[in-house]
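Since the structure comes first, as structure tokens, the remarks are kept for the end.
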Amino acid sequence: MTAWTTPALLLLGIAAGPNGLNLLSPPALQVMDLGISMALAMLGVFVGLNLDFRPPRIESFAAVSAIIAAGVIVGTMRAPAAGPLLLLMAALAAVAISVALAGWLLVGQTDSDAEQHVFVVGSLLVMGGAMTYLSLSALLAGLLAGQTWNLAGNIAKARIARDLDYFQHPLVVLVLLTAGASAPLSVDTLTFGVLFVAIRSLLQAIGALSASVIFIALALDVFRVDGGLEWSATMLGAIVIGTIFAEALFAFLPARVPSR
């Protein structure tokens, strides 16, 4: 993807959403929820597959910490008390790890590319469907699945990573279009969007920013559990607007030449 792809897709989502042509209306987005959950799970898998604890890089630590924090926030929407929340988190982990191990075994036992595609997509669909049913974080489930595949290793991991690269672009496009269509436009979202530009600039300066899509996916993951919450809608809108501003700003800034 080019530097303009992310803001262009977000703007396209806004234009197709309720603030524009209303092609991606809330009922339409509700029908697409399983695919959206699958796409979020895939983004979490990418983070988990690339996670390295020897030692963790700043950007890896920041992404993992943000996904875990968002996953806990999503869990508290379903169960505010500590006991039920722990049970939900345990259920999320059990589903993610079980599906990941099943997919790993199936992919490792076949040499057919077509079957491998089916098993990888099937793993993401089952994971996304389970998280949609439980109203829990698909990103966090994907992170745990990705780390499970990372630790399991061998040729199955390489096949899974290859297949995920194949499906990456259409699923990322789905996330960005959905985020743009779901983002409300208001004074609050514009105000916090400007603040997000400053935060994103700071994270980029210290090397803690790997991709704008992660921020957008985190906000969308929280929003999709309960879109009626005003603060989650404002957060999603601010990150969408802020990303558009930031990408446009950084595109015109001269690239820094590293000192020797």
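The values are calculated or read from the model by the stated rules, or taken from the named source; none is laboratory data. Bear in mind the structure is a predicted one, so any value in this text is a computation, not a measurement. Neighbour counts are summed over all protein chains in view; Cβ atoms, including those assigned to glycine, are modelled from backbone coordinates with ideal geometry.
Listing for the model above:
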| quantity | calculated |
| --- | --- |
| Filter result for residue 51 (in contact (Cβ under 8 Å) with a residue 60 or more places away in the chain, outside any helix (DSSP H, G or I) and under 26 Å from residue 200 (Cα atoms)) | yes |
| From the options 158, 130, 94, residue that is part of a helix (DSSP H, G or I), among the small types (Gly, Ala, Ser) and either touching a Lys or Arg at 6+ places or on another chain (Cβ under 9 Å) or surrounded by 15 or more Cβ atoms within 10 Å (Cβ to Cβ) (or both) | 130 |
| Residues (hydroxyl-bearing (Ser, Thr, Tyr) and modelled with pLDDT of 90 or more) located in the stretch 26-72 | 37 |
| Residue 122 buried (at least 21 other Cβ atoms within 10 Å of the Cβ), in a helix (DSSP H, G or I), under 20 Å from the mean Cα position of the chain (by Cα) and small (Gly, Ala, Ser) | no |
| Number of the condition not met by residue 165 [criteria: (1) surrounded by 15 or more Cβ atoms within 10 Å (Cβ to Cβ); (2) assigned to a helix (DSSP H, G or I); (3) of a type outside the set (Lys, Arg); (4) modelled with pLDDT under 90] | (1) |
| Single condition residue 188 does not satisfy, out of (1) surrounded by fewer than 18 Cβ atoms within 10 Å (Cβ to Cβ); (2) under 16 Å from residue 47 (Cβ atoms); (3) of a type in the set (D, E, K, R) | (2) |
| Tabulated pairs, the stretch 120-139, first under 18 Å from residue 79 (Cβ atoms), second of a type in the set (S, T, N, Q) and modelled with pLDDT of 90 or more, C-beta under 7 angstrom, 6+ apart or interchain | 131/37; 131/137; 132/37; 138/37 |
| The stretch 97-112: number of residues that are within 17 Å of residue 133 (Cα to Cα) and exposed (fewer than 14 other Cβ atoms within 10 Å of the Cβ) | 0 |
| Condition met for residue 36 (under 30 Å from residue 157 (Cα atoms), surrounded by 14 or more Cβ atoms within 10 Å (Cβ to Cβ), among the β-branched types (Val, Ile, Thr) and more than 17 Å from the chain's Cα centre (by Cα)) | no |
| Helices (runs of 4 or more DSSP H) enclosed by the stretch 187-260 - at least 2 residues per element that are at pLDDT below 85 and in contact with a Cys (Cβ under 8 Å, 6 or more places away or on another chain) | none |
